[in-house]
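See structure below.
The values are calculated or read from the model by the stated rules, or taken from the named source; none is laboratory data. A quick note: this is a predicted structure, and the numbers were derived from the prediction, not measured. Using ideal geometry, Cβ is built from the backbone for each residue, glycine included, and neighbour counts are taken over all protein chains shown. Side chains included, ligands, DNA and RNA excluded: accessible areas come from the protein's heavy atoms. Shrake-Rupley method; radii C 1.70, N 1.55, O 1.52, S 1.80 Å.
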Amino acid sequence: MTSWLNDELEGCNFADVRLGKRFRIVLERFSQGLGETIPLACQDWASTKAAYRFFSNRRVSEQEILAGHFQATRGRFQITG
């Protein structure tokens with residue numbers, strides 16, 4: 001899983017390094033609880049609150065969140081295509 005996560009996060013460039021670290025933690029939790037609601041995937045109140053605060057942070061944009069995924073997807077198509 002770590003390799004997949006590294007590929008997905010490689011193209012993410014947040015304004016603050018701490019946001020990138022938080023995003024990694026959120027994705028790790030979500031990947032362990034695929035299909036679960038945010039509270040169930042996060043498993044405790046502090047982690048749930050941190051995830052919601054990350055997504056509501058004005059300094060985090062949809063483009064920044066998806067940039068790594070888009071880059072990783074392009075890379076997968078170049079390898080197989």
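Per-residue ellipticity at 222 nm computed for the chain from its helices equals -23000 deg cm²/dmol, with DSSP H segments shorter than 4 residues left out and the rest contributing -39,500 (n - 2.57). Simple point charges give the picture: +1 on the Cβ of Lys and Arg, -1 on the Cβ of Asp and Glu, and for the chain a dipole about the Cα centre of about 260 debye. To the nearest ten degrees, helix 17-32 and the longest principal axis of the Cα atoms of the chain are 90 degrees apart. Oblate is the label for the chain. Its Cα gyration tensor axes, ordered a ≥ b ≥ c, give a/c of at least 1.5 and b/c at or above a/b.
Take every Cα pair under 8 Å whose residues are at least 6 apart in sequence, average their separation, divide by the length of the chain, and the relative contact order is 42 percent.
With respect to the chain, whose longest principal axis is taken over its alpha-carbon atoms, helix 45-56 is tilted by about 60°.
Per atom type, the chain shows carbon and sulfur on 54% of its accessible surface, probed at 1.4 Å.
Taking all protein chains together and a probe of 1.4 Å, list Thr48, Thr73 from the most accessible to the least accessible.
Details: Thr48 5, Thr73 40 Å².
Order by accessible area, largest first: Thr73, Thr48.
Averaged over its residues, the chain has an accessible area of 73 Å² per residue, based on protein heavy atoms and a 1.4 Å probe.
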